[in-house]
Amino acid sequence: MNVIQTAIPGVLVIEPVVHGDGRGFFVEVWHERRYRAAGIDLPFVQDNHSRSVRGTLRGLHYQVEQPQGKLVRVASGEVFDVAVDLRRSSLTFGRWVGVALSGENHRQLWVPPGFAHGFCVTTDSADVLYKCTEVHAPQHERTLKWDDPGLGIDWPLEGMPLLSPKDAAGAWLRDADVYP
């Protein structure tokens, strides 16, 4: 597998080896020893799967307690996946990275604990799967505003996104609960 460092230390793009032929393909999406060697050395305790239609934006989500690391991939369709550094002590606090993940490119994004995460769907639909290092804890969940000008995320959207009420009511970074 190929591990690509992003502009924010700790956020990684993983390009697994894809074995393809006339029948289809095979790809190893998780191998503990290989991922540990790449710097992803936390236990996964929950797997999630979401399906969304074009123009849906989910996020930017994080948990103030029980922060989750997420290994994100797309089984079908394509999304623009984003990680925002919410560690106040970090030199990259408030910065974001985004990458296209798709069922065709098989890329994965490692979003470490201490980051908000979100994505927007750029195809008719997308199936997003992600492994989490902590269980979902609704009482600790927070949401950043997807369109916070202080973040300046360049979402590849055509008009206003489809948002849940929770995502529409997210906090501005300047008012958000963040990590030390």
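Annotations for the structure displayed:
- Mean residue ellipticity, 222 nm, helices only, the chain: the sum of -39500 (n - 2.57) across DSSP H runs of n ≥ 4, divided by residue count and rounded to 500, is -1000 deg cm²/dmol.
- Relative contact order of the stretch 1-105, pairs being alpha-carbon contacts under 8 Å that are 6 or more residues apart, as %: 20
- Within straight-line reach of Lys145, meaning a Cα separation under 18 Å, sit the following lysines at least 8 residues removed in sequence or on another chain: Lys166.
- For the stretch 1-87, diffusion coefficient by Stokes-Einstein and Kirkwood Rh (Cα), 10 °C, 1.306 mPa s, µm²/s: 103
- Note on the chain: Kirkwood radius taken over Cα pairs, Stokes-Einstein applied at 4 °C and 1.567 mPa s, translational D equal to 78 µm² s⁻¹.
- Each part gets one Cα centre, and for the stretch 135-180 versus the stretch 67-116 those centres are 14 Å apart.
Computed from the coordinates by the stated procedures, all read-outs in this text should not be read as laboratory data. These numbers were taken from a predicted model, which means no experiment stands behind them.
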